[in-house]
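What follows is a set of notes on a single structure, which appears directly below.
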Amino acid sequence: MRNRRRLVSDHEAGNEIWPSFTDVMSTMALILLVLVLLAYVRNLVSSKRLDAFAHQIEVSASQLRTLRAEIQSGKTELAASQAALRDQQAVIAESAHEADALRTQLQSIAVLRLGVLDKVKKAIEAELGARNEGGAELVTVGNNGNIVINESLVFEYDSYAIKKEGKPLLDTLSKALGNVLADEGVRANIDTILVQGHTDERGSPSFNWDLSAKRATAVLGYLFAANKSLAESYGSYFAASAYSKFRPISEGKTEDAYRQNRRIEISVIPKDETIRKVIDDYTQSGRAN
């Protein structure tokens, strides 16, 4: 009886141990499954991160290649710009040289013009002196470079008849102009020697126009009469013009200002084609380059 009870107890005890083992194994299997799942998830996440990182590296490499290409392109453009700049600097230097040459030629024409008038002025002063008996200058050079003859030395007030006292001045002027025009180099660059008549502002416009024209014509006529060869050889270089009151050299309202404005001017006008040729040569040279 006692033995039977022991067997029953042992059987019940065995039944109790088996389920506990099963539970442990199940739990371990579950834990293992969870660990496997965690490892899988971790591998999956790591793989995605690795793919993303690899993609990022590929994008960065592409950007780097693009940047290198842009840098190379920039270097090429910079080299081209530097070459163009050097070419432009050469063109500027050449243009500056040509401009200096043009300026020199134009200055030479201006110097020629002033030289002609200076020779005429010096010839008059050498022959007659710088001033008359009254102390007035026979001729002066105006701001415009023209020879200015004091009207009172040649004409009475409101008259275009040449005074006896003015004839020696015009005789010397005629001879000096003839000597200057005898120089072929001078003639080659002169278009016109213009005798200009000017009045003061008093009097009617029509009277002043008429008076300034008659005075200029009277002076030119006397120059030709005083030196026959001047008209015969160089008559085509001369002209007379009237400016009335419209080009005063003094804006004052005094008698002295009026006296200054009543005058005869001798102007040397260079040949248009001379100046045009200088400019044309410069332009054509620029086109050829």
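No value in this document is a laboratory result; all are computed from the given coordinates. These numbers come from a predicted model, not from an experiment.
Couplings 3J(HN,Hα) for the range 178-192, derived from phi with the Karplus relation 6.51 cos²θ - 1.76 cosθ + 1.60 (θ = phi - 60°), are x, 5, 5, 6, 5, 7, 4, x, 5, 4, 5, 10, 9, 8, 8 Hz, where x marks Gly and Pro. With Cα atoms defining each centre, the range 154-200 and the range 201-251 are spaced 9 Å apart in the structure. For F238, the residues 5 or more places off, or on other chains, whose built amide H falls under 5 Å of its own are I193.
Does the range 114-277 classify as rounded, prolate or oblate by the C-alpha gyration tensor (a ≥ b ≥ c root eigenvalues; a/c under 1.5 gives rounded; else a/b over b/c gives prolate, otherwise oblate)? Prolate.
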